[in-house]
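Input: a single structure, listed below in structure tokens.
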Amino acid sequence: MSAPHAVVTGGSGFIGSHLVEKLIADGHRVTVFDAAEPPADSRAADQVGEHVRGDVRDQDALARAIRSGVDVVYHLAASVGVDQYLARPLEVIDINVTGTRNVLELAAKAGTRLVVASTSEIFGKNPNVPWREDDDRVLGPTTTDRWAYSSSKALTEHLTFAFARAHGLDATIVRYFNVYGPRQRPAYLVSRSVHRALNGLPPIVYDQGKQTRCFTFVNDVIEGTFLAGTHPDSPGEAINIGGTTETTIADAVHLVAELTGAEATIPVDTSRSFGATYEDLPRRVPDNAKARELLGWTPRTTLREGLARTIEWARANPRWLAQHDSGAT
Ligand SMILES: NC(=O)c1ccc[n+]([C@@H]2O[C@H](COP(=O)([O-])OP(=O)(O)OC[C@H]3O[C@@H](n4cnc5c(N)ncnc54)[C@H](O)[C@@H]3O)[C@@H](O)[C@H]2O)c1
């Protein structure tokens, strides 16, 4: 039997590059479709069967990757990060919606299985945590840019379910919760705190740090994503993939400071740094019962352990440390 053939859109990105490594280790033949080159430090970079450069909004380019003979597509390409959706909301919406529509059409035509990466952001600011997959979305006004990412990702979920129903596509949605780990762009809470600390700058605690998150180590996310693409019971489902320990942002940043030996942290008020159209969420907690019962998935890595591994990686990667820090202060 020949090796299963997987396509990973966004395979040069943070989560995508780890997924590519996992798929290769598992014996898959992998095609990466991405607008960017693979990360230099990825062990898998040399082993990827094929790297197709292109934009997911360009169906002709995408068709060079998603074609007959492909068994499974993992669709992760997206414009990600608060800095992106505040600076380029139109691009964020267009890449998510048009890009996902293109992936769906080609996956249906090629008869592949499909996993679509979504986000805890789709729940918006629903105050009733933990969030089950079928809980309500509670959003702010369209004049607040933050909700553009949430709404465009929710629309990709609607598109996926509608497409699956109309064309009999085996598609699964995975909703990630605050992923962190090696290679993440230094524009998120954990990656930015590590980046600052190892560059001799104090990590930042936003808005007094009382907001909580369930940080999820990238290796755990990859296990969940892989199961979503291989388990017989996952098609037709949306599944939360998130950490189980609710941690305040202040505690997470202080843990980074402790593990890196950083001197201190500094407080920042986001209404001044991101502007009045930014809106932060007080709590974000997944209910993971479905992932556990359906896929047998549960996160295994504690925040302390995941941070230690991320910091160890960062210390060994001067190129990442020298990267521009794109977060706001
Ligand atoms: N990182 C998180 O905490 C998190 C949380 C929830 C959901 N997600 C989702 O997981 C997926 C991967 O996120 P990530 O953190 O690895 O982000 P990332 O920015 O590291 O990776 C995204 C990849 O997509 C590529 N890309 C962007 N626009 C493209 C386009 N138009 N055409 C082709 N390629 C394009 C980028 O070059 C990049 O390699 C995304 O769909 C994101 O919405 C991430």
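The values are calculated or read from the model by the stated rules, or taken from the named source; none is laboratory data. A quick note: this is a predicted structure, and the numbers were derived from the prediction, not measured. Glycine gets a Cβ as well: all are built from the backbone with ideal geometry, and neighbour counts include every protein chain shown.
Just a few scattered comments:
- Taken over region 37-78, residues that are within 12 Å of the ligand (Cβ to nearest atom), over 15 Å from ILE95 (Cα atoms), small (Gly, Ala, Ser) and surrounded by fewer than 17 Cβ atoms within 10 Å (Cβ to Cβ) amount to 0.
- The listed residue being under 19 Å from ILE173 (Cα atoms), under 20 Å from the mean Cα position of the chain (by Cα) and more than 9 Å from the ligand (Cβ to nearest atom), out of ARG137, ARG88: ARG137
- Within region 1-36, the set of residues being touching a Gly at 6+ places or on another chain (Cβ under 8 Å) and β-branched (Val, Ile, Thr) comprises VAL8, THR9, VAL20, VAL30, THR31, VAL32.
- Scope region 8-36; condition among the small types (Gly, Ala, Ser) and away from the ligand (no atom under 14 Å from the Cβ); matching residues: ALA25, GLY27
- Residue list for region 1-51, filter: among the β-branched types (Val, Ile, Thr), out of contact with any His (no Cβ under 6 Å at 6 or more places or on another chain) and free of Cβ contacts under 8 Å to residues at least 60 places away in the same chain: VAL20, ILE24, VAL30, THR31, VAL48
- Subset of region 152-169 [surrounded by fewer than 24 Cβ atoms within 10 Å (Cβ to Cβ) and either at positive phi or in contact with a Leu (Cβ under 7 Å, 6 or more places away or on another chain) (or both)]: LEU159, PHE163, GLY168, LEU169
- Among the residues of region 283-324, none is identified as under 30 Å from GLY200 (Cβ atoms) and touching a Lys or Arg at 6+ places or on another chain (Cβ under 6 Å).
- GLU91 vs. criteria acidic (Asp, Glu), within 17 Å of ARG183 (Cα to Cα) and surrounded by fewer than 19 Cβ atoms within 10 Å (Cβ to Cβ): no
- Only a single item in (1) touching a residue at least 60 places away in the same chain (Cβ under 8 Å); (2) assigned by TED's automatic domain parsing to the domain that holds THR9 is not met by GLU105, and it is number (1).
- One residue alone among ASN219, ASN199, ASN240 is touching a residue at least 24 places away in the same chain (Cβ under 8 Å), surrounded by fewer than 16 Cβ atoms within 10 Å (Cβ to Cβ) and not basic (Lys, Arg), and that residue is ASN199.
- Of the residues screened, THR156 is one that is in a helix (DSSP H, G or I), modelled with pLDDT of 95 or more and of a type in the set (Val, Ile, Thr).
- Residue ID - farthest from the ligand (Cβ to nearest atom), chosen from residues in region 159-187 that are assigned to a loop (DSSP other than H, G, I, E, B) and out of contact with any strand residue (DSSP E or B) (no Cβ under 7 Å at 6 or more places or on another chain): GLY168
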